[in-house]
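Novice: Sending over a structure as structure tokens; questions will come in a sec.
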Amino acid sequence: MKSLPFFCRGKVIRGFGRGSKQLAIPTANFPDSVVEHLPADISTGIYFGWACVGGSDVHKMVMSIGWNPYYKNTKKSMEAHIIHTFKEDFYGETLSVAMVGYIRPERGFDSLGSLITAIRSDIEEAKKRLDLHEYSELREDNFFTTETSQIMNGH
Ligand code: ADP
Ligand code: MG
């Protein structure tokens, strides 16, 4: 995918309570304005990369880009599980992410158990691959330290 690494940011919105938090895998959802600006070659599926909430630390993350059943699959959704334990929810805060690599296409699961197993294995793969130099260096990208100025300039 030519567009990787892909950097974007936006305010965390409420999802549609698909219960990811109950599975201990909460996903911070991006608003449509961000999803609509995805380059055409970023297909649906699972990605890995780096994420930062507000101006704080940069953490590993996995991102799911998929068709949103709530809108009868006419709209894409983009949601990130950050591999970090947060003390509180951060709805409304600015989430900055660098999507750096692709793990697998979107797929359906016949049980909740197999979905959870797949997500756990995505998380393990993301952790491993992000330690490789070509990906780990992106954690230090200026993108993560220029938040305020970028937002003020409307980027
Ligand atoms: P929703 O359907 O509203 O997206 P989720 O069950 O997916 O609900 O929970 C997502 C929310 O959980 C995020 O918007 C964020 O405020 C919070 N959250 C707490 N920890 C994390 C984390 N490690 N990764 C992503 N979101 C988290
Ligand atoms: Mg969510």
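The values are calculated or read from the model by the stated rules, or taken from the named source; none is laboratory data. As the structure is a prediction and not an experimental result, all values here were calculated from the model. Because the Cβ atoms are built from the backbone with ideal geometry, glycine has one as well, and the counts that use them run over all protein chains shown. Only protein heavy atoms, including side chains, enter the accessible area calculation; ligands, DNA and RNA are left aside. Shrake-Rupley method; radii C 1.70, N 1.55, O 1.52, S 1.80 Å.
Novice: With all protein chains present, calculate the accessible area of Tyr102 using a 1.4 Å probe and round the result to the nearest 10 Å².
Specialist: Its accessible surface works out to 70 Å², give or take rounding.
Novice: As a check on your grasp of the helix formula, calculate [θ] at 222 nm for the chain: sum -39500 (n - 2.57) over DSSP H runs of n ≥ 4, divide by the residue count, round to the nearest 500.
Specialist: Helices in the chain give a 222 nm mean residue ellipticity of -6000 deg cm²/dmol.
Novice: Same structure again: Any idea of the accessible area per residue across the chain, 1.4 Å probe, to the nearest Å²?
Specialist: On the way: 8900 Å² over 155 residues.
Accessible surface, normalised per residue, equals 57 Å².
Novice: Note down the magnitude of the dipole of the range 35-155 about its Cα centre, charges +1 on Lys and Arg C-beta and -1 on Asp and Glu C-beta and zero elsewhere, to the nearest 20 debye.
Specialist: That gives the range 35-155 a dipole magnitude of about 400 debye.
Novice: Distance in nm between label sites at Ser136 and Ser56, each 7 Å beyond Cα in the beta-carbon direction?
Specialist: Output for this residue pair reads 2.4 nm.
Novice: Another question, then. Apply the Debye scattering formula to the range 1-150, with a single equal point scatterer on each alpha-carbon and no solvent, then give log10 I(q)/I(0) at q = 0.15 Å⁻¹.
Specialist: -0.75
Novice: Share of the range 12-150's accessible area from carbon and sulfur, percent, 1.4 Å?
Specialist: 51 percent
Novice: Hey, another quick one. State, to one decimal in nm, how far the label point of Arg107 lies from the label point of Thr44, with both points 7 Å from Cα in the Cβ direction.
Specialist: Result: 1.5 nm between the two label points.
Novice: Something else now. Calculate the length of the line joining the C-alpha centroid of the range 94-130 to that of the range 15-78, in whole Å.
Specialist: Centre-to-centre (Cα) distance: 11 Å.
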